[in-house]
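The values are calculated or read from the model by the stated rules, or taken from the named source; none is laboratory data. If you're wondering where the values come from, they're calculated on a predicted model, not measured in any experiment. Cβ placement follows ideal geometry from the backbone for every residue including glycine, while neighbour counts extend to all protein chains displayed.
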Amino acid sequence: MWPDKRLMDMLGITCPIIQAPMAGADSPQLAAAVSAQGGLGSLGCALRSADQIAAAVRDVRNVTDQPFNLNFFCHQPPPHDVGQDGRWLARLAPYYDELGVALPSELSAGRDAFDAELCDLVCELAPAVVSFHFGLPPAPLVARVRAAGCRILSSATTPAEAVWLVEHGVDAVIAQGVEAGGHRGVFASSWQHGSGQIGTLALVPQVADAVDVPVIAAGGIADGRGIAASFALGASGVQIGTAFLRCPESAVSPLHRAALDRAQADATVLTNVFTGRPARSIANRMTRELGPIDLDAPSFPRAAAASLPLRLAAEAAGSGDFSSLWAGQAAALARVVPAAELVRWLAEDARMRIARA
Ligand SMILES: Cc1cc2nc3c(=O)[nH]c(=O)nc-3n(C[C@H](O)[C@H](O)[C@H](O)COP(=O)(O)O)c2cc1C
């Protein structure tokens with residue numbers, strides 16, 4: 001049995017494992033398989049249009065009637081700093097040249113944050129759970145999501161961010177350690193000079209002490225040992241991303257999958273050069289030659305508009321030199337098995353270790 005059932009009872013799930021939303025890398029098949037197995041499947045919606053979100057939800061509901069999670073970014077759109085965009089494009093110009101791609105004269109604003117229109121869609125779709133990354137949307141939108149009957153989660157990278165999230169209405173906090181793959185959910189602390197980057201082992205108990213809602217541990221968890229440790233640290237559940245990337249149901253590109261297959265424990269770096277926000281990726285030419293951190297990169301998401309043409313051109317030539325290869329530090333622990341089997345194994349392995357402790 002699980003030592004803490006608060007999260008499972010709150011979300012209506014029978015296994016305290018959340019498949020992390022992974023914009024661009026998850027799929028309805030992955031989310032449905034996890035939810036049907038008693039965990040919580042998630043769809044990262046940051047790169048999906050409204051129609052694509054609705055279609056993905058239909059696909060999940062065609063497979064299972066169990067709870068699932070829709071996830072949105074809620075970053076503040078950055079000010080348009082023409083000088084910074086120009087300096088960054090000048091840094092990238094030799095790579096555009098090398099790949100034979102025309103250098104853009106300016107950067108587009110990029111992906112939108114959660115807004116009233118997406119809120120309408122969420123209220124119509126009414127998933128059991130909605131999670132946010134980079135803080136929370138404005139209070140009236142949070143209130144509407146709650147009124148639609150959805151449980152609300154968001155990521156914290158410090159105890160202070162966790163307290164802020166609870167004060168602003170989340171039902172549970174995802175404590176995201178620095179080991180995690182993909183973007184850091186950081187929103188209230190500074191990351192630019194290396195501060196606020198706390199590991200899962202130190203973060204989870206401090207968040208559990210700071211808030212009275214269930215805590216979900218995330219970052220570097222890929223087997224029953226990590227899950228059992230998370231419960232020992234005060235978590236009521238875990239959110240796992242990287243380990244699910246290796247399932248056949250994930251939507252990672254063949255290049256990304258091959259990089260995951262090769263990844264050793266020290267393969268990843270925290271970098272802002274792909275999107276302008278710190279995120280953990282397998283190191284490649286782009287992170288080595290331009291970063292991993294360069295404070296000249298335009299703010300999220302403008303930097304993504306600068307790196308995307310390079311990525312597309314390099315990938316068309318069979319190279320992942322300019323691809324964001326999001327992955328956490330536990331990539332090498334991940335098994336290549338279907339998602340349902342992975343959830344069963346993770347749960348059994350964790351329960352065995354918790355019972356033995
Ligand atoms: C490929 C990838 C994409 C991600 N995209 C999102 C996202 O869209 N929204 C989000 O809240 N978290 C995202 N994350 C972060 C996860 O929610 C989670 O914090 C992380 O995967 C946990 O660490 P792990 O990868 O070591 O399991 C992403 C992670 C990965 C690996």
Checklist entry - Out of the residues in region 172-202 that are farther than 16 Å from His133 by Cβ and at pLDDT 95 or above, which is nearest to the ligand (Cβ to nearest atom)? => result Glu179
Checklist entry - Of the conditions (1) of a type outside the set (Asp, Glu); (2) under 21 Å from Gly44 (Cβ atoms); (3) surrounded by fewer than 18 Cβ atoms within 10 Å (Cβ to Cβ), Ala317 fails just one. Which one is it? => result (2)
Next on the checklist: With the requirement that a residue be free of Cβ contacts under 8 Å to residues at least 40 places away in the same chain and under 13 Å from Leu270 (Cα atoms), what does region 197-220 give you?
Outcome noted: Gly199
Checklist entry - How about region 10-46: which of its residues are under 11 Å from Val343 (Cβ atoms) and assigned to a helix (DSSP H, G or I)? => result Leu30, Ala33, Val34, Ser35, Ala36
Next on the checklist: Scan region 261-278 and tell me whether some residue there is within 11 Å of the ligand (Cβ to nearest atom), in a helix (DSSP H, G or I), touching a residue at least 24 places away in the same chain (Cβ under 8 Å) and not small (Gly, Ala, Ser).
Outcome noted: no
Next on the checklist: Name the residue that is nearest to the chain's Cα centre (by Cα), counting only residues in region 77-125 that are acidic (Asp, Glu) and part of a loop (DSSP other than H, G, I, E, B).
Outcome noted: Asp112
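Just give me the residues in region 167-187 being under 11 Å from the mean Cα position of the chain (by Cα) and not in a loop (DSSP other than H, G, I, E, B), in sequence order.
Kept after step one, since they are under 11 Å from the mean Cα position of the chain (by Cα), are these residues of region 167-187: 174, 176, 180-185.
Passing the criteria: Ile174, Gln176, Gly182, His183.
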Checklist entry - Restricting attention to region 47-59, which residues are within 19 Å of the chain's Cα centre (by Cα) and either more than 24 Å from Thr275 (Cβ to Cβ) or not in a helix (DSSP H, G or I) (or both)? => result Leu47, Arg48, Ser49, Val57
Item to check | region 130-151 - residue that is within 13 Å of the ligand (Cβ to nearest atom) and assigned to a strand (DSSP E or B) and, of those, farthest from the chain's Cα centre (by Cα) | outcome: Val130
Item to check | Pick from region 320-346, criterion more than 16 Å from the ligand (Cβ to nearest atom) and not in a loop (DSSP other than H, G, I, E, B), ranking: surrounded by the fewest Cβ atoms within 10 Å (Cβ to Cβ) | outcome: Glu341
